[in-house]
Amino acid sequence: MLRALGRLADRRRRAVLFASVVVLFAAGAYGGPVAGLLDTGDDFSDPQSESTQARDTIERTTGRSSVPDAVVLVRLGAQAGTPQADRKLEAVRSRIEDPDVAAIDAPEQGRPSPLVSRDRRSVYLPVTFYTAADEDEAADALVARLRDEPGVSVGGGVVAFNQVGEQVEADLQRAEMLAAPILLLFSLLVFRSLVAALLPLAVGT
């Protein structure tokens with residue numbers, strides 16, 4: 001059957017080529033908007049759920065995220081509440097501050113707080129962005145501002161999402177670079193022609 005199909009395609013080369021071009025453009029026109037329709041904006045919540053509606057109401061009313069976008073871990077190098085720890089904490093807070101940052105939660109002096117570790121030598125600082133800010137850019141800028149600060153780590157949902165995306169992209173590029181020569185070699189063994197061997201790689205990219 002494949003031989004018959006091949007002979008038919010050979011006899012009707014122009015018709016097959018024309019039909020392929022028509023199908024290609026039709027598929028592009030029909031399937032082009034799919035990527036935009038599948039875009040969730042990094043939000044996989046049900047828009048009709050009460051929790052999502054409450055979150056949207058809070059953000060629309062306050063102009064800031066309903067939950068912290070990032071978390072900064074500060075290793076104080078001393079007990080919380082001591083002058084040395086207070087100076088470290090204030091230095092970090094000053095570097096976190098930015099026009100995109102709406103709030104920085106910090107433990108209050110002299111009061112117990114879940115933001116302070118059990119050994120009282122580390123503090124978490126939840127950071128909330130304005131909704132008008134681009135959260136990805138704001139998170140990247142926050143990481144860049146604190147990158148050289150000793151004893152400080154930046155995490156949280158937005159930061160983790162960006163880092164995972166960058167890592168996946170780098171891994172895919174590396175996988176393609178490693179796989180391309182191997183696929184070319186196998187294609188050469190199968191097709192016995194450089195042009196034919198390059199076609200699967202060209203189509204795949």
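Identify which of L76, L125, L24 has the largest mean-square fluctuation in a Gaussian network model of the chain, with springs joining Cα atoms closer than 10 Å.
Of L76, L125, L24, the most mobile in the Gaussian network model is L24.
Round to the nearest 10 and give me the degree value, 0 to 90, for the angle of helix 2-11's Cα axis relative to the longest principal axis of the chain.
The helix 2-11 is inclined about 80 degrees to the chain.
What whole-number value in Å² describes the accessible area per residue of the chain for a 1.4 Å probe?
Ligands and nucleic acids excluded, the result is 73 Å² per residue.
Which cross-chain or sequence-distant (5 or more) residues have an amide H under 5 Å from the amide H of A70, H modelled 1.01 Å from N in plane?
Distant-sequence amide H within range of A70: V127.
For segment 42-110, count all C-alpha to C-alpha pairs, find those more than 21 Å apart, and express that count as a whole percent of the total. Could you put the intermediate results ahead of the total?
Working: 1050 of 2346 pairs.
Looking at segment 42-110, the distances longer than 21 Å represent 45 percent of pairs.
Once fully extended, how much extra length lies between A179 and V16, figured as 0.36 nm per residue of separation less the alpha-carbon to alpha-carbon distance? Intermediate results must be reported in sequence, preceding the final value.
Details: separation 163, 0.36 × 163 = 58.68 nm, distance 3.15 nm.
Stretched out fully, the A179 to V16 stretch lengthens by 55.5 nm.
Any idea how far apart D105 and T62 come out in nm if each label point goes 7 Å out from Cα toward Cβ?
0.9 nm
How would you classify the chain from its alpha-carbon gyration tensor, with a ≥ b ≥ c the square roots of the eigenvalues: rounded for a/c under 1.5, else prolate if a/b is greater than b/c, otherwise oblate? Mind dumping the intermediate values first?
On the way: a/c = 4.47, a/b = 2.30, b/c = 1.94.
Prolate, because a/c is 1.5 or more and a/b exceeds b/c.
For L188 and D86, calculate 0.36 nm times their separation in residues minus their Cα-Cα distance, and state this gained length in nm to one decimal.
Full extension from L188 to D86 adds 30.0 nm.
Just to be sure I understand: with springs between alpha-carbon atoms less than 10 Å apart, which residue in R192, R145, R12 has the highest mean-square fluctuation in the Gaussian network model of the chain?
It is R12.
Under the Kirkwood approximation applied to all pairs of distinct alpha-carbon atoms, what is the hydrodynamic radius of segment 86-205 in Å? List each step's numbers first, then the result.
Working: mean 1/r = 0.0545 Å⁻¹.
Mean inverse Cα-Cα distance, inverted, gives 18.3 Å.
Give me the dipole magnitude in Debye, nearest 20, for the chain about the Cα centre, with unit charges on the beta carbon: positive for Lys and Arg, negative for Asp and Glu. Write down the numbers at each step before the final one.
Values: 22 positive and 28 negative charges, 272 e Å.
Taking the Cα centre of the chain as origin, the dipole is about 1300 debye.
Put +1 on the Cβ of each Lys and Arg and -1 on the Cβ of each Asp and Glu in the chain; which of G155, S187, V123 then has its Cα farthest toward the positive end of the dipole?
Working it through, the farthest residue towards the positive pole turns out to be S187.
How much net charge surrounds P68 when only the other residues with a Cβ under 12 Å from the Cβ of P68 are counted, with Lys and Arg +1 and Asp and Glu -1?
-2
Can you tell me the relative contact order of the chain? Whole percent, Cα pairs under 8 Å, sequence separation 6 or more.
Rounded, it is 19 percent for the chain.
The values are calculated or read from the model by the stated rules, or taken from the named source; none is laboratory data. Being a predicted model, the structure only gives us computed values, none of them experimental. Neighbour counts run over all protein chains shown; Cβ positions are idealised from the backbone, glycine included. Note: areas computed on protein heavy atoms with side chains; ligands, DNA, RNA excluded. Shrake-Rupley method; radii C 1.70, N 1.55, O 1.52, S 1.80 Å.
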